[in-house]
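To start, the structure under review is shown below, and the notes come after it.
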Amino acid sequence: MHKKTVVADVRTPDGQETRTFGTMTADLLALADGLLACGCTHVAMASTGDSWKPVCTILEGRCEVLLVHAQHVKAVPGRKPDVHDAAWLAELLQHGLLRASFMPPIGPRAPI
């Protein structure tokens, strides 16, 4: 996730697809719709800055969201994570190698 784009890497038994979305509400809703259309049940994202908040807000209640600490992802042996962040997170999630960070419930969170 960046200020202007969100990259989603979806893995299904049929294969893998990577798509880039904008960060405006309509774009994030399209992201959520696309994930649900693929049958996505779990999403992992790195907790860098505040970029995760709008994405998490849109996805919560639609699928299980796993917010992971960026340093933890970098500590997992394997490929360099900054080369293909979305694909790397998807692979780690697929193999159960991610540990969730604390994510406060929607009410106590700071505004988006």
- Karplus-derived 3J(HN,Hα) from phi for segment 86-92 (6.51 cos²θ - 1.76 cosθ + 1.60, θ = phi - 60°), whole Hz, x at Gly and Pro, runs 5, 5, 5, 4, 4, 5, 5
- For segment 4-63, what is the accessible area per residue in Å² when the probe is 1.4 Å? 54
- Item | Packing-based ranking, highest mean first, of 33-43, 85-95 given that Cβ atoms within 10 Å are counted | 85-95, 33-43
- Note on the structure: Pseudo-spin-label distance HIS69 to ASP14, built 7 Å along Cα→Cβ, given in nm, is 3.8
- Using the Karplus curve 6.51 cos²θ - 1.76 cosθ + 1.60 with θ = phi - 60°, work out ³J(HN,Hα) for each residue of segment 47-61 in order, rounded to whole Hz, and write x for Gly and Pro. 8, 9, x, 9, 4, 6, 4, x, 5, 4, 4, 5, 7, 4, x
- Message: Going by amide H atoms built from the backbone, whose H comes under 5 Å of the H on LEU66, apart from near neighbours?
- Response: VAL43, ALA44, MET45
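The values are calculated or read from the model by the stated rules, or taken from the named source; none is laboratory data. None of the values given here were measured: they were computed from a predicted structure. No Cβ is skipped: glycine too gets one built from the backbone with ideal geometry, and neighbour counts run over all protein chains shown. What goes into the accessible areas is simple: the full protein's heavy atoms, side chains included, and nothing from ligands, DNA or RNA. Shrake-Rupley method; radii C 1.70, N 1.55, O 1.52, S 1.80 Å.
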